[in-house]
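Student: Please read through the structure below; I'll follow up with questions.
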Amino acid sequence: MWQYERLIHRITDNNFFVTEEDLQYAVKHYHLSPAKCFVITYGTELAHCPRENERSVAAKTLRQLYTIGEEEKILLFNG
């Protein structure tokens, strides 16, 4: 499996990794060009959970942008 993964990484135009450590491992062990490797983390890196007023503003913006009624729930699915 290691050989297959190495081959696929080497023939792609760009490589995306979840962590900097994964990227560095691939550059070193698969001999990838660092210029073709990028880190894209999961989610966001917030310093704190959104405050109530921030959530209200975001909900109002989404409701206006996508014509969502006040009686409808807004759910975030990340997966």
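The values are calculated or read from the model by the stated rules, or taken from the named source; none is laboratory data. Because the structure is a prediction, the values reported are computed rather than measured. Glycine gets a Cβ as well: all are built from the backbone with ideal geometry, and neighbour counts include every protein chain shown. Areas reflect the complete protein model, heavy atoms only, side chains present, ligands, DNA and RNA absent. Shrake-Rupley method; radii C 1.70, N 1.55, O 1.52, S 1.80 Å.
Student: Could you tell me which of the residues Leu76, Leu32 is at pLDDT 95 or above and part of a loop (DSSP other than H, G, I, E, B)?
Tutor: So the residue among Leu76, Leu32 that is at pLDDT 95 or above and part of a loop (DSSP other than H, G, I, E, B) is Leu32.
Student: If you don't mind, another one. Within segment 68-79, track down each residue that is open to solvent by 100 Å² or more (accessible area, probe 1.4 Å) and over 22 Å from the mean Cα position of the chain (by Cα).
Tutor: Glu70, Glu71, Lys73 - these are the residues of segment 68-79 that are open to solvent by 100 Å² or more (accessible area, probe 1.4 Å) and over 22 Å from the mean Cα position of the chain (by Cα).
Student: Could you tell me which numbered condition Asp13 fails, if it satisfies all but one of (1) within 16 Å of the chain's Cα centre (by Cα); (2) not in a helix (DSSP H, G or I)?
Tutor: Asp13 satisfies every listed condition except (1).
Student: Tell me which residues, restricted to segment 26-38, are under 20 Å from the mean Cα position of the chain (by Cα) and either in contact (Cβ under 8 Å) with a residue 60 or more places away in the chain or buried (at least 16 other Cβ atoms within 10 Å of the Cβ) (or both).
Tutor: Hits for segment 26-38 are Ala26, Cys37.
Student: Here are Leu23, Leu46, Leu65: which of them is part of a helix (DSSP H, G or I) and within 21 Å of the chain's Cα centre (by Cα)?
Tutor: Leu23
Student: Now, a different point. Kindly establish whether Leu23 is without any contact (Cβ under 8 Å) to a residue 24 or more places away in the chain, open to solvent by 90 Å² or more (accessible area, probe 1.4 Å) and of a type in the set (A, V, I, L, M).
Tutor: Considered against the rule, which asks whether it is without any contact (Cβ under 8 Å) to a residue 24 or more places away in the chain, open to solvent by 90 Å² or more (accessible area, probe 1.4 Å) and of a type in the set (A, V, I, L, M), Leu23 comes out as no.
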